[in-house]
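As structure tokens, the structure follows; a few thoughts come after it.
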Amino acid sequence: MFKTLKSTAVVALTLAIAVGILAQRPRTATQDSSSDSSSMPTPPAAPATVKAKYEGGVFGYPKKADGTLNFEDSNERLVFKNDQQKELFPIPYKAITGAYGDTHAVRPKAATIGSVVPYFGMPIGMIKTKVRYLTVQYSDPDSNVSGVTSFRLDNKDILDSVLYTLAQKAGLTRRGEVYVRKKT
């Protein structure tokens, strides 16, 4: 009886090791994630002008600014204009190397102030809102300037449509949740 139990334990241990070894074999990677993007619905095209807030990242423009993002197809570039419609900076489509949408949960100023006031009831400090950002990575061969900039957009639908439209105009390829430029 002891020999049967011992041999059964040896067989079970051998099978467990074999399964562990097989589980560690390398997985095959797909060449293009277009199969993932085909299952996702295509957002509608973005309007030519979208309200945005510049959050920083472009060389020579350190201040945050309210304004609009404009798709300027005639010159093949994305342009940020301030509230007075003065062009602050353009990013050529060919200079864009990557783009993605990002969401952050932030506490509004009123909730921050209200969290320090003594009261009874619902904790105001727990209130958070979602903020949507379009993040663009660029490398301009003409000026030899590169960087990462972000724009705050109003909601998820606008973010998705602007991101998709920008990726199409700049010739970017979808890789999961981000769009990148393939090396040629």
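The values are calculated or read from the model by the stated rules, or taken from the named source; none is laboratory data. Quick caveat, the model's predicted, so the values are computed rather than measured. Neighbour counts run over all protein chains shown; Cβ positions are idealised from the backbone, glycine included.
Miscellaneous remarks
- Flag for E76 being at pLDDT 90 or above, surrounded by fewer than 15 Cβ atoms within 10 Å (Cβ to Cβ) and under 26 Å from T49 (Cβ atoms): yes
- One residue alone among N70, N82 is under 19 Å from L153 (Cβ atoms), buried (at least 17 other Cβ atoms within 10 Å of the Cβ) and among the polar types (S, T, N, Q), and that residue is N70.
- The one condition from (1) part of a helix (DSSP H, G or I); (2) modelled with pLDDT under 80 that K94 does not meet is (2).
- Complete set of residues in the range 65-89 that are farther than 23 Å from D160 by Cβ and either outside any strand (DSSP E or B) or not aromatic (F, W, Y) (or both): A65, S74, N75, N82, D83, Q84, Q85, K86, E87, L88
- Residues satisfying the stated conditions in the range 139-162, i.e. in contact with a Pro (Cβ under 8 Å, 6 or more places away or on another chain) and either assigned to a strand (DSSP E or B) or farther than 15 Å from P92 by Cα (or both): D140, D157, D160, S161
- Of all residues in the range 163-184 being in a loop (DSSP other than H, G, I, E, B) and touching a residue at least 12 places away in the same chain (Cβ under 8 Å), the one that is farthest from L78 (Cα to Cα): G176
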